[in-house]
Amino acid sequence: MSLGQTHLEAIAAKHGVDLNDCQPASRSERLAQLKQLLADRQVPHPIPTDVADHYYNLAASGQPFGVGSLSEENVDLGEYANFQHYEQYSLEEHLSWACLVSDQQKTKLRYACREYLAGEQMFEIGGSVIPDYYLLNARIFQQTGWQLSTVNKIIPAELFFTCHSRRFFPVTTFMRPLEQDYLEEPDIGHDVAGHVATFTIPAVAHVMRNHGLARDLIYSERDDMSRAATSDDQRQAIARWADELLLYAGRIYWFTVEFGLVMQDGQIRDFGAGILSSPGETRYSIDSIESNRILIDPSCDKDLLRLATTDYLISEYQKTYFVMKSFEQLESLTPERIIQAAKTAQHLPHFTWREIVPGDEVLNVGHIAVGPNEKYFRLMANLPLDACLTRAAIRNLRIITRHPAKLREFAGAFQVAPPEVPPQIVEWFRAADARHEFPQDILPLNME
């Protein structure tokens with residue numbers, strides 16, 4: 001027995017995994033499973049025989065899985081297109097999946113909502129080997145009408161939500177290193193073991209699709225405006241405007257689909273894929289005394305705007321979590337409401353991921369919470385600030401110094417007056433910004 005094998009067995013045992021189980025079924029066995037699966041008609045979305053035959057023949061020919069082909073919809077991933085070469089996964093990669101899933105199950109069973117756990121059972125998320133996307137894609141389509149599309153890295157928001165508008169979910173094909181809990185860049189452990197079960201929660205799938213449709217409407221409006229523009233400068237400004245809208249719409253997605261929590265039987269439960277794909281953050285999101293937890297109703301315009309105006313970072317556990325009162329409230333997130341919240345957010349001061357603000361229905365004030373003005377004092381004193389607080393501080397002070405009338409919109413949108421910023425900070429920033437001491441590309445770029 002090699003030292004490497006001994007080391008892998010020790011890691012497996014540590015996570016309650018049998019290394020012998022981390023050997024995938026043979027190709028012929030997987031093809032037999034696929035043939036049986038495709039023939040199933042007792043599902044919400046049965047696959048027509050001709051489509052099933054074509055799909056099976058692709059798999060049998062050795063063509064690696066790329067983009068699902070079980071519906072009339074398609075998506076062009078361009079330079080981001082990728083394929084799952086299933087036979088190339090190593091024992092270490094399968095073991096990494098098995099260990100992560102084993103650890104996830106321990107926290108999911110305790111902290112995840114009922115609907116999420118039911119979805120995991122439906123899609124057989126678990127086991128000791130990385131899922132074969134041909135099989136997984138067929139299961140997902142049969143149950144939800146969604147499909148997978150493989151990508152090689154994080155893709156632009158515009159393309160990400162384009163996929164959503166056509167009911168495709170982009171998934172990567174690489175697995176994180178052994179025993180790594182948190183990962184900034186999505187991997188199979190996030191995309192599959194985190195997201196796939198959420199497709200079975202109708203309200204969450206509804207939000208995902210509607211973000212895609214919102215993207216389509218935003219860029220359709222952009223294209224109409226660009227055709228009427230008379231200069232390249234105008235067209236560039238219009239493009240920035242559309243990208244900014246999608247950024248704020250994406251925050252709503254982030255705090256619901258990725259990092260959402262919901263009240264269930266009087267307790268807080270996780271459903272966000274970004275949370276549940278990390279065993280450490282799953283515990284942290286509910287039990288930690290560090291994080292803020294705020295109860296919101298997304299069917300309320302000011303609560304939806306709270307999400308669109310809250311900045312965050314992806315490099316560490318979240319500092320504020322928003323808890324939905326019920327899944328039913330997510331049904332109100334139509335493309336039109338998402339866009340309206342994003343357009344309103346363009347003109348308002350923004351919050352940071354550490355702040356509790358007037359009007360919040362607070363469930364927990366975390367140890368990392370800061371007051372609304374702390375970011376400004378720290379900026380003025382040149383004290384350490386994370387990138388989230390820095391962006392919000394500069395943005396907000398630019399609105400106060402250049403567009404003070406916009407503060408009336410804040411009061412109307414949130415039904416409370418904006419936190420008052422000390423005059424000495426405002427005058428200091430006005431002078432410093434005139435000397436171009438701060439990045440000029442921090443939004444808002446143009447509020448005229």
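At full extension, E185 and K14 could sit 59.0 nm farther apart than now, given 0.36 nm per residue minus the alpha carbon distance.
Listed by chain and number, the lysines whose C-alpha is less than 18 Å from the C-alpha of K106, apart from same-chain residues fewer than 8 away, are K14. Between K153 and E72, the modelled labels are 3.6 nm apart [label points 7 Å from Cα along Cα→Cβ]. Charging the Cβ of each Asp and Glu at -1 and of each Lys and Arg at +1, and nothing else, the dipole of the chain about its Cα centre rounds to 840 debye. Listed values for the stretch 363-373 are Karplus-derived 3J(HN,Hα) couplings in whole Hz (6.51 cos²θ - 1.76 cosθ + 1.60, θ = phi - 60°), namely 9, 7, 9, x, 5, 8, 4, 10, x, x, 9, and x replaces Gly and Pro.
Taken about its Cα centre, the stretch 3-159 carries a charge dipole of about 460 debye when Lys and Arg each add +1 at the Cβ and Asp and Glu each add -1 at the Cβ. Net length available on complete extension from L109 to Q236 is 40.9 nm, with 0.36 nm assigned per residue and the Cα-Cα distance removed.
DSSP beta bridges fully contained in the chain are about 40 percent antiparallel.
Shown here is the pair-distance distribution of the chain: with all Cα-Cα distances grouped in 20 Å bins from zero up to the longest one, the shares run 23, 52, 22, 2 percent. Could you let me know the centre-to-centre spacing of the stretch 384-446 and the stretch 98-171, using Cα atoms, in angstrom? Here the two parts' Cα centres lie 40 Å apart. Distances between placed amide hydrogens fall under 5 Å for L148 paired with G68, F169, all partners being 5 or more residues away or on another chain. Put the Cα centre of the stretch 211-273 next to the Cα centre of the stretch 66-88 and the gap is 24 Å. Based on C-alpha pairs under 8 angstrom that are at least 6 apart in sequence, the stretch 296-402 has a relative contact order of 31 percent. Relative contact order of the stretch 3-159, taken over Cα pairs closer than 8 Å and 6 or more residues apart, is 34 percent.
Remark: relative contact order (the chain) = 12 percent; criterion is Cα-Cα distance under 8 angstrom and separation of 6 or more residues.
Per-residue extension of 0.36 nm, minus the Cα-Cα distance of L91 and R402, leaves a gain of 106.1 nm for this segment. The Cα center of the stretch 343-375 and the Cα center of the stretch 1-62 differ in position by 46 Å.
No lab work stands behind these numbers, since they all come straight from the coordinates. All values reported here derive from a predicted model rather than from experimental measurement. Cβ sites come from the backbone with ideal geometry, for glycine too, and all protein chains shown count toward neighbours.
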